[in-house]
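> Dropping the structure in here first, questions after.
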Amino acid sequence: MNRSHWVFRLSFLAIVALVMAATWLVLRQLGMPASLSPAAISDWLNQQGMFGPLLLMLMMILGVVVGPIPTLPISAASGLAFGMVKGTAIAVAGAMIGAMIAFYLARVLGREVVQRKLENNPVFSVNGSQRFLFVAVLITRLIPLFSFALISYAAGVTAIRAWRFALASAIGMLPMTFVFAGLGHSFEFNPLLTVAAAALILVIMSTLPWYLSRRPQSRLSRWLHLSS
């Protein structure tokens, strides 16, 4: 890797870090509530007038890229402050911007190294399975326990194309964002059930490529393009 590549990567990282730090400082200076409950966030956003939707988007972007702000209360607050439809649209827009920033950050910093180390892996190689990765992102986006940020960063070092990642993320996050925006004050999910579902999906997604690589002629393997 030549010097210009390192300069570009470090510059990109520095710019993202500075923008996220500036966003955090702006939100804190404007009085973003420390409790981050949906009701508190909603009240604060309503006090910001026409800047409320923009601040909601900034909170969601920061929550996805850096993670100091949980995204579920923001989704619930979006419905309280702006209604289910408008609130969902704003929250999804912010989450998508944050997801793409995290995705490209991981791609710029780590994709080349991972690809060299795992050049024969059906997920990380140059010709990695696009269908499998699309389905994996889609399903994990449907489970609220999975870290939105970690999924975005992890996807960035895989072979998935940016447009497929964006599409899978948008489709996967819409249902739960809409639900949490509608729940508002009462938003909650069953921790035990969610953890169990997340663990099951994680095991399946982790072992499925290996399992199918041993059965390259199976119908599912051919459909997911995991056969060699």
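Residues are listed down the side, and each one gets a yes or a no for (1) among the basic types (Lys, Arg); (2) at pLDDT 90 or above; (3) under 16 Å from Phe180 (Cβ atoms); (4) surrounded by 22 or more Cβ atoms within 10 Å (Cβ to Cβ):
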{"position": "Met32", "(1), (2), (3), (4)": "no, yes, no, no"}
{"position": "Gly52", "(1), (2), (3), (4)": "no, yes, no, no"}
{"position": "Leu56", "(1), (2), (3), (4)": "no, yes, yes, yes"}
{"position": "Met60", "(1), (2), (3), (4)": "no, yes, yes, yes"}
{"position": "Thr71", "(1), (2), (3), (4)": "no, no, yes, yes"}
{"position": "Ala76", "(1), (2), (3), (4)": "no, no, yes, yes"}
{"position": "Lys86", "(1), (2), (3), (4)": "yes, yes, yes, no"}
{"position": "Ala91", "(1), (2), (3), (4)": "no, yes, yes, yes"}
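> Test Phe187 against the stated conditions and say whether it is at negative phi, among the aromatic types (Phe, Trp, Tyr), modelled with pLDDT under 80 and surrounded by 19 or more Cβ atoms within 10 Å (Cβ to Cβ).
Details: at negative phi: yes; among the aromatic types (Phe, Trp, Tyr): yes; modelled with pLDDT under 80: yes; surrounded by 19 or more Cβ atoms within 10 Å (Cβ to Cβ): yes.
Taking the combined requirement at face value, the residue satisfies it.
The values are calculated or read from the model by the stated rules, or taken from the named source; none is laboratory data. Model, not experiment: these values are computed from the prediction. Here Cβ is always computed from backbone atoms with ideal geometry, including for glycine, and neighbour counts include all displayed protein chains.
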